[in-house]
Amino acid sequence: MALLKILHYPDPRLHTVAEPVAEITNEIRQLAADMAETMYAAPGIGLAATQIDRHIRLLVVDISEEKNQLLTLINPRIVQKEGEIVHEEGCLSVPGIYDNVTRAEHIRVSAMNLAGEVAELDAHGLLAICIQHEIDHLDGKVFVEYLSRLKQTRIKHKLTKQAREAM
Ligand code: NI
C-alpha cells in the first residue's frame, strides 16, 4: 500500500477528462487500494483518480463514521437524478476551502465494482453529493467551478500563494 500525492487546485491536470477503465487488472486493484488508503489518511470521504493524476474513471467514497463502508466505483454513470440539496462542500484538492453547492438530492448510479460486476446503486443526501462531486472530478470539474468568478479568482490566488510558501 502507498499514499498517493493529491493534486491541488488550480493545477491544470485537475481539468483532464478521465478515460473509461477497460479491464479490472491487478494494477487497477492496487490503485483502488492505494486511493482508499490515501483518502482515509487525508482524511477525506471521497477521492477520484483524477486527483492523484491518474486519468481513468475510478473513484472511492466512504461517508461512514467508522470508515468501514468503502465503495469503489468504476466507470460510474448517473442514470437518474431527483430533487435538490444545498450542502457545504470541501475537497482534498482544494484544502481549507468550503462553500455551498447545489446538487441532486437523490441519484441512481450505474458502476462496475472491483470484481468486474456492473450494478446500480441508489444514493441520497451526503452519499449522493459525494458521488456527484467525485464524478465531476472524472469529468475534469472541481467544485469551486460552481462558485462565482470572483470567489474562484480569490481561491486560485489563495492556494497559489499557499503552494509557493510551502516550497
Ligand atoms: Ni474533490
Which whole-number value in Å² is the accessible area per residue of the chain, probe 1.4 Å? 53
Compare the Cα positions of Met1, Val86, His106 along the charge dipole of the chain (+1 at Cβ of Lys, Arg; -1 at Cβ of Asp, Glu; about the Cα centre) and return the one farthest towards the positive end. Val86
Label-point gap, in nm, between Asp99 and Asp53 - each point 7 angstrom along Cα→Cβ: 2.6
Under the span-like rule (Cα at least 18 Å along the axis, Kyte-Doolittle mean at least 0.0), DSSP H helices of the chain: 125-138
Spatially proximal aspartates and glutamates relative to Lys156 (Cα-Cα < 17 Å; intrachain offsets below 8 disregarded): Asp11, Glu89, Asp99, Glu145, Glu165
Antiparallel DSSP beta bridges within the chain, as percent of all bridges there, nearest 5: 95
If I model a spin label as a point 7 Å beyond the Cα along the Cα-Cβ vector, how far apart are those points for Thr153 and Ala42 in nm? 2.8
Along the stretch 12-22, Karplus-curve 3J(HN,Hα) (6.51, -1.76, 1.60; θ = phi - 60°) to the nearest Hz, with x for Gly and Pro, reads x, 5, 5, 9, 6, 8, 6, 8, x, 7, 7
Enter the per residue convex hull volume of the stretch 55-99, computed from alpha-carbon coordinates, in Å³ rounded to the nearest integer. 132
Values of log10 I(q)/I(0), in the order q = 0.11, 0.14 Å⁻¹, for the stretch 12-166 under a Debye, Cα-only, solvent-free model: -0.42, -0.69
In nm, the gap between the two label points placed 7 Å beyond Cα toward Cβ at Glu84 and Ala115 is 4.0
Can you order the peptides 16-27, 129-140, 109-120 by their average number of other Cβ atoms within 10 Å per residue, highest first? 129-140, 109-120, 16-27
Here the FRET efficiency for Ala166 versus Ala2, based on Cβ atoms and R0 = 25 Å and rounded to 0.05, is 0.70
Assign unit charges at the C-beta atoms only (+1 for Lys and Arg, -1 for Asp and Glu), then state the dipole size of the stretch 12-166 relative to its Cα centre in Debye, rounded to the nearest 20. 820
A 1.4 Å probe over the protein heavy atoms gives the stretch 78-136 a carbon and sulfur accessible-area percentage of 47
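The values are calculated or read from the model by the stated rules, or taken from the named source; none is laboratory data. Values in this document were obtained by computation on a predicted structure and should not be read as measured data. Cβ: placed from backbone, ideal geometry, glycine included. Neighbour counts: every protein chain shown. The accessibility values were calculated without ligands, DNA or RNA, using every heavy atom of the protein model including side chains. Shrake-Rupley method; radii C 1.70, N 1.55, O 1.52, S 1.80 Å.
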